[in-house]
1. As I understand it, the value is the acute angle between the Cα axis of helix 14-27 and the longest principal axis of the Cα atoms of the chain; what does it come to in degrees, rounded to 10?
2. When you count, for each residue, the other Cβ atoms within 10 Å and take the mean per peptide, how do 5-16, 32-43 rank with the highest first?
3. About the Cα centre, and with charges only on the beta carbon of Lys, Arg (+1) and Asp, Glu (-1), how big is the dipole of the chain? Nearest 20 debye, please.
4. Along its principal axes, what span do the Cα atoms of the chain show, with the longest given first and each in whole Å?
Amino acid sequence: MVKKEFKINGMTCHHCVKAVEIELQDLGVNSYEVEIGFAVVEYDENKISEDQIINAISEAGYQVAN
């Protein structure tokens, strides 16, 4: 199990948070905490890759900061 923080650009409100939460939930991560500007995600690296999480955040309309 991996727990990682992703910094997210472009989030400004609770609606943004909800959009990211929905994408992470659909992806099937073990747990997540999303706030404006970041997400802490716990996931099984044998089932879900970091790239899949970054793509899910992108699907919500936001960009993960490097």
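1. Computed tilt is about 20 degrees.
2. 32-43, 5-16
3. Dipole of the chain, to the nearest 20 debye: 140 debye.
4. Answer, in whole Å and largest first: 32, 22, 17 Å.
No lab work stands behind these numbers, since they all come straight from the coordinates. This structure is a prediction, so every number in the text was calculated from the model and none was measured. Quick reminder, even Gly has a Cβ in these numbers, built from the backbone with ideal geometry, and neighbours come from all protein chains shown.
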